[in-house]
Ligand code: HEM
Ligand SMILES: [Cu+2]
């Protein structure tokens, strides 16, 4: 007995007196303070797109510095003002701020809020057959906390001392001492405030996602019939719930160190020859706490993209996902392991080398479930009847990027090799391929695939192809050369290396090349932007089920209202991956089709299920209640 | 089409209307998830404590006995809370109000006791903002963050109390009462853990 029945029963009893709500939805209640999960998902998407543009633009500025250190960029002065020196160069302090804000924005605001926020909100109720999230109000709060956090973070870009500049990981002492660098002052305070709000938003969202998946699934939607998207969002939310509080705890101690004179992270510091009073704190303690969130965070970023990819690849390969159980198992495995590998970010922090080798072992183990996922994607594609929609291309792109970036993870995971590679561009290449680009591709796959459901119109596929190929080639051209630069020993987060002979003579060309590729890749995103906004208003009207997909969201009206299904919520009879089932009339059988209606394609076991369905009276489930 | 729209709108109201009842169960569940996040914060602090202590140059301290008294008070308050919950089950409005008030008072007494404990700590030269002694700061942070959560639980208690005054049948609001009870016990248990932890790792 699921909630749905209760709900239906309830419908009858309240038939008489519901005239006061809903009829007059105002602009504000529909688009701004909405509790409809679909609209909240779109709010996250729009805010995420905004942040992606800001984050991307910041990266271009520092890329120009790296690619063309001698260039005169006084033309940026109208925008950047004092951050361009009188000689027309980028201010070195601001360079650090740019790198920091780029990282923070991309990791948290785009790939966490923009990705999980958009798709968990939009898809969870639609795909599990619920009318909305468990608590629409908490869901609304989640968005508005994110919005407030965004406002604070965005404003910090414009203050006189500049935004936070200690790297996205905000290691103390840089982040703890206001006098350390300009960015450690007000900018850092705003960073902390913004992140505190962000954490609240994530936790509110996460609690809601988990509660909804557990409690509000429709009749028949057992866990073994959940689409892999939902599995991924669910596990992502669990990881977030366990790791974000730790960041909160760490940040609180940082705040005390900054403003209340404690010494959790500070010890033996001299500024201008003068010793600071703080003694006995440990900066490595901060690193432990940060990476206890930081590593799971990278999986919070990639897992929703995995989920989306599983769904899109299976649908468009017209084949059942290969190894559904293995896919779920590997998600669980990755989630578990992600909590016990954090110290691989700290191999050279002065940590006990023995402890280092324990973490090395655990780190390398995580390659196993990761590889399971990759192989299952590839075997799903193998001999599939592939339909190359833009969403599909981006999903395949994700698989490619995840392989390329994952392989370098195995290098980095070896503590001895990491001594050479740590904090070089090799690491930058690694995580931009495996996390940055792969998750971005997952997000794009999701946007292209669910655009018809979001806006009731089709997004233009031709422009989608152009967007895909430019982006795909672009990210490889940007990030692949960074491996060489990194092996050569270029440290990350450095303003300039031109005083080193090797670097200025041999690698300058490569750096310039990367910068040009980055500019082109960024420019290509405007094709998407145009396509996106144009199609919202002018796109071809979407058919009911454009990709011939099995999942529940395609059984809603083309433009579903609040409540999603006009009538009763459909019941689910099978898993979501019955594509190209031998014997079946069509190459897909939606989850709402009972086994008793498909005798031609049933296995023996499914025939037994069909018999059971008959016994329990399949058709009667909802009709009788209406 | 038009019909479909209407139908849709109808459903919409229904989901909104039925929310109160529909969400009963999910709310309880959400509270458990929330407690999990709180637990993680303290897992972070206590592990940070152990890691930091393991690094040496640790200044040992004696935990003031006031904290033992507050432990007693919090246990007592949990008993009140539980009795209140049982009375709510029996739909005994007066008793529910009585025991909620008792819980509230003992909760406040707990906080006062904690505050007195801070006075003792100061007497022992253990300060929150001490740049040279992180062990002292840790005590304040751990107990302080716990107290902050306890204050949130007091707010919850007040809400329950107002509800108890307002409704005829307290039994209708049993879920709210139950969630509050769970949270209260959780914070009590958490305190006992923290007390033992600090006691064992001076
Ligand atoms: C095969 C599995 C993987 C292994 C063995 C691995 C290993 C590592 C190691 C050892 C580092 C630290 C390098 C250093 O700073 O010296 C690192 C950095 C990083 N990895 Fe991975 N990784 C893997 C997969 C992933 C995945 C799937 C993601 C994200 C989705 C990811 C995201 C990152 C990020 C963001 C950093 C850099 C953080 C920073 O310092 O700013 N990695 N990886
Ligand atoms: Cu990691």
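The values are calculated or read from the model by the stated rules, or taken from the named source; none is laboratory data. Values in this document were obtained by computation on a predicted structure and should not be read as measured data. Reconstructed Cβ throughout: ideal geometry from the backbone, glycine too, with neighbour counts over all protein chains shown.
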**OP:** Determine whether the stretch A:397-404 contains at least one residue that is part of a helix (DSSP H, G or I), more than 27 Å from residue A:103 (Cα to Cα) and out of contact with any strand residue (DSSP E or B) (no Cβ under 9 Å at 6 or more places or on another chain).
**Re:** no
Subject >> Qualifying positions in the stretch B:62-81 - over 17 Å from residue B:140 (Cα atoms) and surrounded by 18 or more Cβ atoms within 10 Å (Cβ to Cβ) >> reply: B:73, B:74, B:77, B:78, B:80, B:81
**OP:** Give B:122, B:175 a once-over and let me know the one that is closer than 30 Å to residue A:278 by Cβ, in a helix (DSSP H, G or I) and at pLDDT below 95.
**Re:** B:122
Original post:
Quick one: how many residues across the stretch A:295-339 are in a helix (DSSP H, G or I), more than 16 Å from ligand 2 (Cβ to nearest atom) and over 14 Å from the mean Cα position of the chain (by Cα)?
Top reply: 17
Subject >> Out of A:153, A:138, sole residue that is at negative phi, more than 16 Å from the chain's Cα centre (by Cα), in a helix (DSSP H, G or I) and at pLDDT below 95 >> reply: A:138
Subject >> Breaking point among (1) free of Cβ contacts under 8 Å to residues at least 12 places away in the same chain; (2) within 14 Å of chain B (Cβ to nearest Cβ), for residue A:343 >> reply: (1)
Subject >> Matching option when the condition is in a loop (DSSP other than H, G, I, E, B) and crowded, with 20+ Cβ neighbours inside 10 Å, among A:292, A:264, A:244, A:198 >> reply: A:264
Original post:
Of these, A:297, A:311, which one is under 30 Å from residue A:216 (Cα atoms), more than 11 Å from every other protein chain (Cβ to nearest Cβ), more than 16 Å from ligand 1 (Cβ to nearest atom) and surrounded by 21 or more Cβ atoms within 10 Å (Cβ to Cβ)?
Top reply: A:311
Original post:
Within the stretch A:247-258, how many residues turn out to be surrounded by fewer than 21 Cβ atoms within 10 Å (Cβ to Cβ) and more than 9 Å from every other protein chain (Cβ to nearest Cβ)?
Top reply: 1
Subject >> So residue A:343, is it within 16 Å of ligand 2 (Cβ to nearest atom), in the same structural domain as residue A:197 (by TED's automatic domain parsing) and surrounded by fewer than 23 Cβ atoms within 10 Å (Cβ to Cβ) >> reply: no
Original post:
Does the stretch B:125-135 include one or more residues that are away from chain A (no Cβ under 13 Å), under 29 Å from residue A:280 (Cα atoms) and either more than 13 Å from the chain's Cα centre (by Cα) or exposed (fewer than 14 other Cβ atoms within 10 Å of the Cβ) (or both)?
Top reply: yes
Original post:
Do you know which residues across the stretch A:174-195 are crowded, with 23+ Cβ neighbours inside 10 Å and within 14 Å of chain B (Cβ to nearest Cβ)?
Top reply: A:176
**OP:** For the stretch A:476-495, enumerate the residues that are surrounded by fewer than 24 Cβ atoms within 10 Å (Cβ to Cβ) and either within 21 Å of the chain's Cα centre (by Cα) or within 15 Å of residue A:316 (Cβ to Cβ) (or both).
**Re:** A:476
Original post:
Of the residues that sit in the stretch A:145-171 and are buried (at least 21 other Cβ atoms within 10 Å of the Cβ) and within 16 Å of ligand 1 (Cβ to nearest atom), which one is nearest to the other protein chains (Cβ to nearest Cβ)?
Top reply: A:170
Original post:
helices (runs of 4 or more DSSP H) wholly in the stretch A:17-124 with at least 2 residues that are buried (at least 16 other Cβ atoms within 10 Å of the Cβ) and within 14 Å of chain B (Cβ to nearest Cβ) - which ones?
Top reply: A:37-67
Original post:
Across the stretch A:355-396, what is the total count of residues that are within 16 Å of ligand 2 (Cβ to nearest atom) and not in a helix (DSSP H, G or I)?
Top reply: 1
Original post:
Looking at A:423, A:352, which one is within 11 Å of ligand 1 (Cβ to nearest atom) and closer than 30 Å to residue B:54 by Cα?
Top reply: A:423
**OP:** Please enumerate the residues belonging to the stretch A:267-286 that are surrounded by fewer than 23 Cβ atoms within 10 Å (Cβ to Cβ), more than 8 Å from every other protein chain (Cβ to nearest Cβ) and in contact with a helix residue (DSSP H, G or I) (Cβ under 8 Å, 6 or more places away or on another chain).
**Re:** A:267
Original post:
Among the numbered criteria (1) at pLDDT below 95; (2) surrounded by 15 or more Cβ atoms within 10 Å (Cβ to Cβ), which single criterion is violated by residue B:149?
Top reply: (1)
